[in-house]
Amino acid sequence: MDKIRVHGGHPLSGSIKVSGSKNSSLPILAATLLTREPCVVHGVPDLSDTHYMLQILMHLGAQVERASGTVSVTAEKVHSVAPYDIVRKMRASVCVLGPSLGRCKEATVALPGGCVIGDRPIDLHLKGFEALGAAVRVEGGDIKVFAPKLKGAVINMQGKFGPTVLGTDNIMMAAVLADGVTVIEGPAQEPEVVDLANFLNEMGAKIEGAGTRRIVIEGVPALHGAEHWVIPDRIEAGTFLVAGAMAGEGVTVKRVEPEHVRAVTDALARCGYAVDIGDDSITILPNGEATAQDLVTEPYPGFPTDMQAQMCALLSTSRGTSSVTENIFPRRYMHVAELKRLGAKLRLEGATAVIDGVDRLLGAPVMASDLRASAALVLAGLKADGTTEVSRVYHIDRGYEHLDEKLMELGAHIERVKET
Ligand code: EPU
């Protein structure tokens, strides 16, 4: 198992290019199962999660070719059973349920297991499939969904913690080939949902309203092949902006859609950073001492849960007392104990982290626990005096394309070492 060693205190400067979005690529790759014809997806990041998704597609019978960031998938003949030993590696595997059901009118996917960021039910996905006319059974750890015919319906995607992103994706992918019209009320409005809808429309689907509070899907008899560029990864962009804020002397993040990261740039501006927003680039500059603030995670366009850990790292050294409230995954705070090992002062009050800013962090060995928590620890290491060793970096490799190399390009003193 690799670890990342960060020698803190070396200022970052220059520019980096954001990779294609992980959370767009995963459902878009799954959507290629909806047609017999070849699909080409560009900008797929080189991550373990995208590799797992391609393994699943191949297991389901698709032909897959990958050359750099371009993936070609031809799913001429597919079957619909995704077993546990593949699915367990990645929770997002659940998004093959929708296209498998749409295409094969049945799907069996192992129920994803527990997840370190909290309980992650899929009741809303299943309720949506049932509304489309499917029968749903959980048997031997598998979810089995089948419907001789899918029929358009009105489906609400709101749960206790807001709408579900992959649930919205799954229902869109099942409904594109259903008879009649499906209306998704209260869908997730994340840019990745819009990207998937655009890809499906390029395949011949009829979807309107993605990115708004109501999605209308008119079912079509068949989809055809398509070629698509995935959108830039807004969470990677946000992570580099926070790195630039914590340890930078002027960092430019390129190939970004500024509107997608507005909640993050607004938060950084409120902390006192100078944020210069271009057409497809954002520069962050230090601007005196950063100040505390109160943040709440919300569904898009609110502040993203996937940036919460990184902001906790930043606020750990901002002047005053901050609070960060996690509204999407209330237990997503594995980074708190590890940040404390670097000298940060945080305490949890229910789903809120109360953070008293300290003058300095001091490097220490810490353990990565999930993707975003791990990124937060690397960022804290850039700011800390001395050396921080982040172990179990396979979590980072799940969702950040070459994070260590990109940080090195910005001047970070960081190395990847093999753990013995
Ligand atoms: N929820 C339910 N019932 C469901 C589905 C979800 O109650 O059937 C709840 C969840 O427990 C959570 C909330 O609804 O409290 C939102 O969960 P959502 O379903 O939207 O999460 P997801 O679709 O499984 C995606 C991203 C996550 C990101 C969340 C929230 C992908 C592959 N994953 O997960 O990304 O945190 O949306 O924005 O798109 C990450 O990239 O690090 C990551 C975890």
Please state, as a whole number in µm²/s, the translational diffusion coefficient that the Stokes-Einstein equation yields for the chain at 37 °C and 0.692 mPa s, with Rh defined as the Kirkwood radius across alpha carbon pairs.
151
Semi-axes in Å, largest first, for the range 44-87 (Cα gyration tensor, √(5λ)) are 18, 14, 5
What net charge is computed for the residues neighbouring Ala226, neighbours being all others with C-beta under 11 Å from the C-beta of Ala226, Lys and Arg scored +1, Asp and Glu -1?
-3
Interatomic Cα distance distribution for the range 272-379, bins of 10 angstrom, percent
15, 45, 33, 7
Apply the Debye scattering formula to the range 208-271, with a single equal point scatterer on each alpha-carbon and no solvent, then give log10 I(q)/I(0) at q = 0.14 Å⁻¹.
-0.61
Gyration tensor (Cα) of the range 14-67, equivalent ellipsoid semi-axes in angstrom:
23, 11, 9
Quick one: Karplus J couplings for the range 356-367, per residue in order, coefficients 6.51, -1.76, 1.60, θ = phi - 60°, nearest Hz, x for Gly and Pro?
9, x, 10, 6, 8, 9, 10, x, 6, x, 9, 10
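With N set to the number of residues, divide the alpha-carbon radius of gyration of the range 127-180 by 2.2 N^0.38 Å and report two decimals.
It is 1.16.
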Would you please report the Å³ per residue occupied by the convex hull of the alpha carbon atoms in the range 22-229?
101
Given springs between every Cα pair under 10 Å in a Gaussian network model of the chain, which of Pro163, Pro304, Pro365 has the largest fluctuation?
Pro365
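Can you list the equivalent-ellipsoid semi-axes of the range 1-119, largest first and in whole Å, using the square root of 5 times each Cα gyration tensor eigenvalue?
Working through the eigenvalues yields semi-axes of 30, 19, 11 Å.
Let me know the charge dipole size of the chain about its Cα centre in debye, to the nearest 20, where only the beta-carbon of Lys, Arg (+1) and Asp, Glu (-1) is charged.
Around 860 debye, computed over the chain.
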Just the accessible area for Glu227, please: 1.4 Å probe, Å², rounded to the nearest 10?
120
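Do the sum for the chain: with -39,500 (n - 2.57) for every DSSP H run of n ≥ 4, divided by all residues, what is the mean residue ellipticity at 222 nm, to the nearest 500 deg cm²/dmol?
-9000 deg cm²/dmol
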For the range 138-168 and the range 354-387, distance of Cα centres in Å
38
Fluctuation leader among Asp279, Asp356, Asp385 - the chain, Gaussian network, Cα springs under 10 angstrom
Asp279
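The values are calculated or read from the model by the stated rules, or taken from the named source; none is laboratory data. This one's a predicted model, so the numbers in the text were calculated from it and none came from an experiment. As a convention, Cβ positions derive from the backbone with ideal geometry for all residues, glycine included, and neighbour counts pool all protein chains shown. When the accessible area is computed, the model is the full protein with side chains, heavy atoms only, and any ligands, DNA or RNA have been set aside. Shrake-Rupley method; radii C 1.70, N 1.55, O 1.52, S 1.80 Å.
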